[in-house]
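Asker: Below is one structure. I have some questions about it.
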Amino acid sequence: MATLASKNVVIIGASRGVGRAIARRMAAEGAHVLAVGRNRASLEQLASELPGTKTLALDAAAEAAPSRVFAALQPDLLVLCGGAIPPGRPIHELTWEEFAINWEMDVRLSFAFCREALRRPLSPGARVIVISSGAALGGSPISGGYAGAKRTQMFIANYAQKESDRLKLGVRFFALAPARIMPDTELGQFAVESYAGYLGISPAEFVDGMSSRQTPEDVANAIVQLATNFTDYPGSVFTVSGEGIAPVQ
């Protein structure tokens with residue numbers, strides 16, 4: 001896929017944060033964009049900013065979500081960026097429901113959409129990119145099951161790639177993990193405030209201690225790289241930081 005111009009791009013979780021930045025970048029690339037999310041008003045605002053962008057408001061973790069999305073637009077590129085905001089408290093202060101929130105949302109939708117991409121299957125040459133997190137590699141002690149859920153997303157992408165290869169489908173699966181917290185997103189701001197409070201420092205001090213921070217736009221740029229130049233990037237799991245994209249060994 002040398003270019004995204006005129007390609008069908010579906011973004012799950014496009015109503016806010018990183019997903020919204022990806023939608024803007026895909027529109028700038030000349031793609032046919034379907035922005036999917038829960039917040040109808042936010043999606044409508046995005047469509048007004050990006051003429052020609054289609055929207056679909058739904059719960060991406062619902063059982064019927066993949067079939068509804070693929071019926072609306074069969075993707076050449078599918079970006080799975082949706083997920084729940086985790087708790088911001090240490091493990092002994094959580095209920096199981098709080099601990100498991102990212103398993104029930106992030107993992108569930110990644111499983112369902114990757115499974116549907118294999119079962120349908122998507123057309124040869126299609127790409128599926130699961131947005132994970134650097135927490136999957138470094139942990140996140142006040143985020144409940146968040147780090148484990150994001151690690152499992154990496155496994156899902158890897159397993160799906162192995163099945164695509166075994167079945168000779170020609171569909172490419174990736175997991176992309178932003179390496180650092182992004183304070184300019186809702187999730188990132190929550191994480192900064194939670195960790196700063198936990199550590200007894202100010203949010204500004206916490207942010208100052210982070211190096212090589214990537215922006216939502218850096219993540220969108222990495223999506224374009226993986227979607228159009230994937231032969232330059234062996235493997236299925238990558239990180240993106242302020243220094244660029246790198247494979248996870």
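Bear in mind that the values in this text are calculations on the coordinates, not laboratory data. In this text, all values refer to a predicted model and were calculated from it rather than measured experimentally. Note: ideal-geometry Cβ built from the backbone for every residue, glycine included; neighbour counts use all protein chains shown.
Asker: Would you please name the trypsin sites (Lys or Arg not before Pro) within region 35-141 that are DSSP coil residues with at most 15 other C-beta atoms within 10 Å of their C-beta?
Answerer: Here the sparse-neighbourhood loop sites are ARG38.
Asker: List the trypsin sites (Lys or Arg not before Pro) in region 133-183 that DSSP assigns to loop (not H, G, I, E or B) and whose Cβ has at most 10 other Cβ atoms within 10 Å. Which are they?
Answerer: LYS168
Asker: About its Cα centre, how strong a charge dipole does region 145-222 have in debye, to the nearest 20, once Lys and Arg get +1 and Asp and Glu get -1 at the Cβ?
Answerer: Using only the charged Cβ atoms, the result is roughly 620 debye.
Asker: Normalised by the residues of region 83-167, what does the relative contact order come to in percent, with Cα pairs under 8 Å and at least six apart?
Answerer: For region 83-167, the relative contact order is 39 percent.
Asker: Here's a follow-up. When only Cα pairs under 8 Å and 6 or more residues apart are kept, what is the percent relative contact order across region 1-128?
Answerer: 25
Asker: Would you work out the charge dipole size for the chain about its Cα centre, treating the Cβ of every Lys and Arg as +1 and the Cβ of every Asp and Glu as -1, and quote it to the nearest 20 debye?
Answerer: In debye, rounded to 20, the chain gives about 880.
Asker: Right, next: Take every Cα pair under 8 Å in region 84-237 that's 6+ residues apart, average their separations, divide by the length, and report that relative contact order as a whole percent.
Answerer: Relative CO of region 84-237 lands at 24 percent.
Asker: Can I ask one more? Take every Cα-Cα pair in the chain and report what % of them are more than 35 Å apart.
Answerer: More than 35 Å apart: 10 percent of the Cα pairs in the chain.
Asker: Next question, about the same structure. So for region 104-249, considering every pair of alpha-carbon atoms, how many percent are separated by more than 23 Å?
Answerer: When every Cα pair of region 104-249 is considered, 38 percent fall beyond 23 Å.
Asker: Using Stokes-Einstein with the Kirkwood hydrodynamic radius over Cα pairs, what translational diffusion coefficient do you get for region 31-92 at 10 °C and a viscosity of 1.306 mPa s, in µm²/s rounded to a whole number?
Answerer: Reported coefficient: 120 µm²/s.
Asker: Starting from the Cα gyration tensor of region 134-177, multiply each eigenvalue by 5, take the square root, and state the resulting semi-axes largest first in whole Å.
Answerer: 27, 8, 6
Asker: Also, I was wondering about something else. GluC sites (Glu not before Pro) within region 1-65: which are DSSP loop residues with at most 16 other Cβ atoms inside 10 Å?
Answerer: GLU63
Asker: Here is a further query. Using the 10 angstrom Cβ neighbour count as an exposure proxy, how do TRP103, TRP96 rank, fewest first?
Answerer: Taking fewest neighbouring Cβ atoms as first place, the list is TRP96, TRP103.
Asker: Restricting to DSSP H runs of at least four residues, report the calculated mean residue ellipticity at 222 nm for the chain, -39500 (n - 2.57) per run over all residues, nearest 500 deg cm²/dmol.
Answerer: -12500 deg cm²/dmol
Asker: In addition: So if I take the centroid of the Cα atoms in region 90-150 and the same for region 1-58, what is the distance between those two points in Å?
Answerer: A separation of 21 Å, based on Cα centres.
Asker: Right, here's the next one. Quick one: Cα convex hull volume of region 155-206, Å³ per residue?
Answerer: So the per-residue Cα hull volume is 91 Å³.
Asker: How do 190-198, 207-215 rank on mean C-beta neighbours within 10 Å, highest first?
Answerer: Descending mean neighbour count gives 190-198, 207-215.
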